[in-house]
Amino acid sequence: MHDFYVISIIFLALVLLSSAFLLYQWKNYKIVQYGKEVQRLRADIHRLNGEIRPKQAFINKELKGPKRIMKVAGEKLGLKPSIQGPIIFTADKVMLEYYAEKDREEK
């Protein structure tokens, strides 16, 4: 009877140790898998950034340019250029700070 308990304890110890080892190996496997997924996603980000750059350059150069905006404003919106130039307002720094402080107080 005593031998049965010893064998049972040794068997349970081996089962626990092998389970711990398997869990440790599973954790390492998952870490490797997540690492591969991260690398794949980084490669996708790099590829997509490469695709975006020329398109963004085209948008900034061609579509957002002042000449294009003037053309679209005239043709599609019916706007006409201003007769007089832009009006430039100047503000006293002290008064500007006063009103900025007043606005902060109201919030």
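Model label points for residue 22 and residue 60, set 7 angstrom from Cα along the Cα-to-Cβ axis, are 5.6 nm apart.
Net length available on complete extension from residue 38 to residue 10 is 5.9 nm, with 0.36 nm assigned per residue and the Cα-Cα distance removed.
What is the distance in Å between the Cα centres of segment 20-59 and segment 68-107? Here the answer is 46 Å between Cα centres.
Could you name the aspartates and glutamates in cross-link range of residue 102, using Cα to Cα under 16 Å and dropping any fewer than eight places away on the same chain? Within the straight-line limit of under 16 Å, residue 102 reaches these aspartates and glutamates: 92. With each label modelled as a point 7 angstrom along the Cα→C-beta vector, the residue 96-residue 72 pair spans 3.0 nm. When you filter the trypsin sites (Lys or Arg not before Pro) in segment 1-85 for DSSP loop state and at most 16 other Cβ atoms inside 10 Å of their Cβ, you are left with 64, 76. Answer with a single label: of (i) 38, 30, 23; (ii) 60, 36, 24; (iii) 109, 45, 22, which was calculated as Cα extents along the principal axes in Å from the structure in view? Answer label, from the structure shown: (iii). A 1.4 Å probe run over the protein chains yields, for the chain, 100 Å² of accessible area per residue, whole-number rounding. Among the protein heavy atoms of the chain, carbon and sulfur supply 67% of the accessible surface, probe 1.4 Å, non-protein parts ignored.
Between 49, 91, 38, the Cα set farthest toward the positive side of the dipole of the chain (charges on each charged residue's Cβ, about the Cα centre) is that of 49. Listed by chain and number, the lysines whose C-alpha is less than 22 Å from the C-alpha of residue 64, apart from same-chain residues fewer than 8 away, are 55, 76, 80. For the chain, set up a Gaussian network in which alpha carbons nearer than 10 Å are linked by springs, and say which option among 51, 97, 75 fluctuates the most. Between 51, 97, 75, it is 97 that shows the largest mean-square fluctuation. Would you list which lysines come within 27 Å of residue 36, measuring only between C-alpha atoms, while excluding same-chain residues fewer than 8 positions from it? Cα-Cα hits under 27 Å: 27.
The values are calculated or read from the model by the stated rules, or taken from the named source; none is laboratory data. A quick note: this is a predicted structure, and the numbers were derived from the prediction, not measured. Cβ coordinates were reconstructed from backbone atoms using ideal geometry, including for glycine residues, and neighbour counts include every protein chain displayed. The accessibility values were calculated without ligands, DNA or RNA, using every heavy atom of the protein model including side chains. Shrake-Rupley method; radii C 1.70, N 1.55, O 1.52, S 1.80 Å.
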